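Undergrad: Okay, handing you the structure first.
Any read-out appearing in this document is the output of simple, stated calculations on the displayed coordinates, not a laboratory observation. Computed from a predicted model, the values in this text were never measured in an experiment. When we count neighbours, we look across all protein chains shown, and the Cβ atoms used for this are built from the backbone with ideal geometry, even at glycine.
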Amino acid sequence: MEQLGFYILAFLAIISSIFMITRENPVHSALWMLLTFFSVAGIFVQLNAEFIAAIQVLVYAGAILVLYLFVVMLLNPKSKGFIRIPFRYVLGIVASFVIFVQVLLTLQSANVIGKAGVYTQEAYKQYGNVKLFGYELFSNYLVPFEVVSIMLLVAMIGAIVLAKKD
Amino acid sequence: MVENLVSIMPELLMTIFGLILIVIDVIAGKNSKSGVGYFGIFFIIVALLASIPVGGFKIFGFGGTLVWDMYSFAFFFVFAIAYILSTLGSVDYLRERGILKGEFYTIMFFSIIGMMFMVSATDLSVLYAGMETMAISMYILAGFEKGNLKSNESGLKYFIIGAFSSAIFLFGLSYIYGYTGSTKYVDIANMIQANGLNNFNIKLGMVMMLAGLAFKISAVPFHMWAPDVYTGAPTPATGFMTVAPKAAAMGAIVRFVWIALEPAAAQWQLFFSILAVLTMTYGNLVALAQNNVKRMLAYSAISHAGYMLIGVVSANELGYQSIALYTMIYGFMNIGAFTIISLLKNNGVIENERIESFAGLGKKYPVVSLAMLIFMFSLAGIPPLAGFMGKFYIFTAAVKSGIIWLAIIGVINSVIACYYYMRVTIFMYFKESEYDVDVNMKPASFIASMIAALFVIIIGVFPSFFMDLVKYMIV
C-alpha cells in the first residue's frame, strides 16, 4: 500500500516537472511546479519527515511560488522565455545526465555507512518527528540557528537599502 | 556553561555592537552617516581587545560546534583590519557619489560576524550559516551603488553565482553527512579514519564541498564571477571584498581540511595543488593584458588566492600560519591600493581607473604616488616590504613539506606579476600626463592609505612579531 502511494507520488512529480519545463507560458510552468512541490512533500510524509513536508509546502509552494508568480506578472515576459542561452538543450541534457548518473551511483553503493542516530524508533513513536527536530535545533544546533537569524537581519537591511527610493 | 559563553563571546559582542550600530544609523543625521562607520571602528577595536585568547587558550563550546582560539583571533584581526581600512577609505568615495549611507557600514560589520563564525566553526552547519551571512552581505555591498549599471550587474552576478556555489557546497555537504552521519569535524575525521576513502560518496562529497569553498576564494576554474564583480562594485567595497571574504574562506578551508579531512590528506592536497597552479598562472597571465587598474587588481586578487592555496597544500604548521600572515599583509596592501584608486578622478573622457590616469602622478601628487608605489612593490613581492615576507613564508612552508615544484611555480608567477605591478609605477613616474587628473584626497582616506603603507613597511621589516601572533596550534 505504501509502495503504491510512493509510485503514484513519484510518477506525479516526474510528469509535472516535465510539464513544467516544456510549457511556454511561465504561469503554466509555475502551476506545474506547484504540483511538483506537493508531490515531493507527499514523499517526505511517507519517509516520516513530516516537518520537512510542512516546510516544503509552506516555503516552496507557499512563499517562493507566489514570489515567482509576482515576478512573472510584473515583468510580463514574452512567452518565448526570458533569456536565450546558447546550447541550452545540450547543456541541460548533459547536466541532468551527470546528476542522474551521480544519483544512480550513490544508490548503487549500498554500503553507505553513516552513523546510527541517537533516536530510536520508539523515541520517534513517542515524541514524533517535529518535537525531536525542535529539540535538536534548540540544543545541539543552537549556534547555526542563531547565525541564521543574523543572516536574515542582514538580508532584510540589504533588501531595504537596495529597494528604497532615495 | 561558562565555556559556551567564552567560546561565542567575540561573536556575541560583535552582534550586540552591530545592533547598536543600526540604532546609531537611525539617530545619525543625513550628513553625518560616516559616524556610523567610525563607531563601527571603535566597536570592532573594543571587541578585538576583549576577545584576545590570553596565553593562547582554546575553548570549545556548544557541544564542539564552535571554538575560540588564537587561530580564530588571528583571522578576526584580519577582518578588523579590512573593516577599519575600508571604512576610512570609503567615506569620501561614497560621499562624492551620494551613496554615503549608514547601512554600508552596518552590513560590512554584520558580514564580519559571519566570517568569524566561518573561521571558528568546527561543525559544518555553523560553517554554512556563517558563509551565507558573509555572502549575502557581499552581494549587497557589490550592488550598493544603485544608480550605476555596472554595480547592479556586479551585485546580480555575484548573487547568482554565489547561490549556485552555495548549492554545490550544500550538495557535497549532504553527501558527507550521509556517509559519516555527523556534521562535526572531529566525527567526520574519525569516520573517514575508520572506514577509508574507498566509497564513491565521500569522494564526491569532498570534491563538491571543496569546489563550493573554492568559489568563495575565486580559485580558477571557479573564478568566472570575480573580475566583473570586483570591477563593477564600488571601489572601497571591492577592497573589502577581495580581502575579508577570501581570508574567511581560507581560514575555514584550512580548519576544515586540517581537522575533518586529515585522513584524506593526499586527496585534497592533489585537488588544491591543481587549483593553486591554475589560479596563480591564469590570474597573472590575464592581469598582464589589463589596462584598467581596478580590473588588473581584480585578476591579481585571483592570483593571490593561488599563493595562499600553496599554504593549504603544504599542510604543515608553517603553512597555515603563513596563510594567516599572508591574508593580514594582503589586507593592508590591497585595501591601500584600492583606496588610492578610489581617489583618482579623471577629468578627461576615459574611466577614472584606467592606467593612463596614473601617468605623471608622481610629480603632481608625490605622497599619493609614493603610497601607491609601496603597495605595488609590496603586491609584487619586492623586499623589504610586507608582501615579500608573506610570499617568503608561504614558499618556505611549501619547501619544508617537500613540494618544491609548487614553490618554483609560485616564484615564477610572482616574477611574471612584477610586470603589471611595475607598469603602474612606470606610468606614475616616467610618463607625462595626458589627462587632467585630480586626486580627491580627504583626511579619512589619507589616514587609511597612510596606515596601510606604514604597516606594509613595518611588517616587512619586523615580520616576526606578526608571525608570533599566528603561531598557535589549530587542531
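Undergrad: Between B:Ile22 and B:Asn291, what is the label-to-label distance in nm when each label sits 7 Å out along the Cα-to-Cβ direction?
TA: 4.7 nm
Undergrad: Rank these for me by crowding, B:Ile27, B:Ile253, B:Ile447, going from fewest to most other beta carbons within 10 Å. Write down the numbers at each step before the final one.
TA: Details: B:Ile27 10, B:Ile253 28, B:Ile447 15.
Listing B:Ile27, B:Ile253, B:Ile447 from fewest to most nearby Cβ atoms yields B:Ile27, B:Ile447, B:Ile253.
Undergrad: Using +1 at the Cβ of each Lys and Arg and -1 at the Cβ of each Asp and Glu in segment B:2-469, identify which of B:Val6, B:Ile355, B:Ile412 lies farthest towards the dipole's positive end.
TA: The listed residue farthest towards the positive side: B:Ile355.
Undergrad: Using the Cα gyration tensor of chain A, with a ≥ b ≥ c the square roots of its eigenvalues, what is the shape: rounded (a/c below 1.5), prolate (a/b larger than b/c) or oblate (neither)?
TA: Cα axes put chain A in the oblate bin.
Undergrad: Quick one: helix B:102-120 against the long Cα principal axis of chain B, what's the angle to the nearest 10°, folded into 0 to 90?
TA: Helix B:102-120 sits at roughly 30 degrees to that axis.
Undergrad: Another question, if that's okay. Angle between the Cα long axis of helix B:366-380 and the longest principal axis of chain B, 0 to 90 degrees, nearest 10?
TA: 30 degrees
Undergrad: What list of ³J(HN,Hα) couplings, whole Hz, do you get for segment B:39-51 from phi and the Karplus terms 6.51, -1.76, 1.60, once you set θ to phi - 60° and write x for glycine and proline?
TA: For segment B:39-51, the Karplus-derived couplings read 4, x, 4, 4, 4, 5, 5, 4, 4, 5, 5, 6, 10 Hz, x marking Gly and Pro.
Undergrad: What is chain B's relative contact order, in percent, from Cα pairs under 8 angstrom and six or more apart in sequence?
TA: 16 percent
Undergrad: With 10 angstrom as the radius, rank A:Ser17, B:Ser378 by how many other C-beta atoms surround their C-beta, starting from the fewest.
TA: Result, fewest neighbours first: A:Ser17, B:Ser378.
Undergrad: A further question follows. Cross-link candidates for B:Lys471: which aspartates and glutamates have Cα within less than 15 Å, leaving aside residues fewer than 8 places away along the same chain?
TA: Result set, ordered by chain and number: B:Asp69, B:Glu317.
Undergrad: Shifting gears a bit: Averaging over every viewing direction, what projected area does the convex hull of the Cα atoms of chain B cover, in nm²?
TA: So the Cα hull casts an average projection of 20.6 nm².
Undergrad: Continuing with this model, one more query. Name the shape class, rounded, prolate or oblate, that the alpha-carbon gyration tensor gives for segment A:1-80, where a ≥ b ≥ c are the square roots of its eigenvalues, rounded holds for a/c under 1.5, and otherwise prolate holds if a/b is larger than b/c and oblate otherwise.
TA: Since a/c reaches 1.5 but b/c is at least a/b, the shape of segment A:1-80 is classed as oblate.
Undergrad: What is the Cα centroid distance between segment A:19-34 and segment B:14-29, reported in whole angstrom?
TA: Rounded to whole Å, the Cα centres lie 45 Å apart.
Undergrad: Holding the Cα-Cα limit at 19 Å, pick out from B:Lys184/B:Lys216; B:Lys101/B:Lys146; A:Lys164/B:Lys146 the pairs that are longer than that.
TA: B:Lys184/B:Lys216
Undergrad: Continuing with the same structure: How much mean residue ellipticity at 222 nm does the protein assembly as shown get from its helices, if each DSSP H run of length 4 or more adds -39500 (n - 2.57) and you divide by all residues, to the nearest 500 deg cm²/dmol?
TA: Value at 222 nm, helices only: -25000 deg cm²/dmol.
Undergrad: Would you mind checking the tilt of helix B:185-195 against the longest principal axis of the Cα atoms of chain B, expressed as 0 to 90 degrees and rounded to 10?
TA: Here the helix axis deviates by roughly 50 degrees.
Undergrad: Taking the number of other C-beta atoms within 10 Å as the exposure measure, put B:Val312, B:Val6, B:Val286, A:Val66 in order starting with the fewest.
TA: So the residues, fewest neighbours to most, are A:Val66, B:Val6, B:Val286, B:Val312.
Undergrad: Could you work out how much longer the chain between B:Leu370 and B:Arg95 gets when fully extended? Use 0.36 nm per residue separation minus the Cα distance between them, nm to one decimal.
TA: Contour length minus the Cα-Cα distance gives 96.5 nm.
Undergrad: Okay, moving on. In terms of the Cα gyration tensor, with a ≥ b ≥ c the square roots of its eigenvalues, is the protein assembly as shown rounded because a/c is under 1.5, prolate because a/b exceeds b/c, or oblate?
TA: prolate
Undergrad: Something else: Using only Cα atoms, locate the centre of segment B:170-225 and the centre of segment A:115-166, then give the distance between them in Å, rounded to an integer.
TA: Measuring centre to centre over Cα atoms gives 22 Å.
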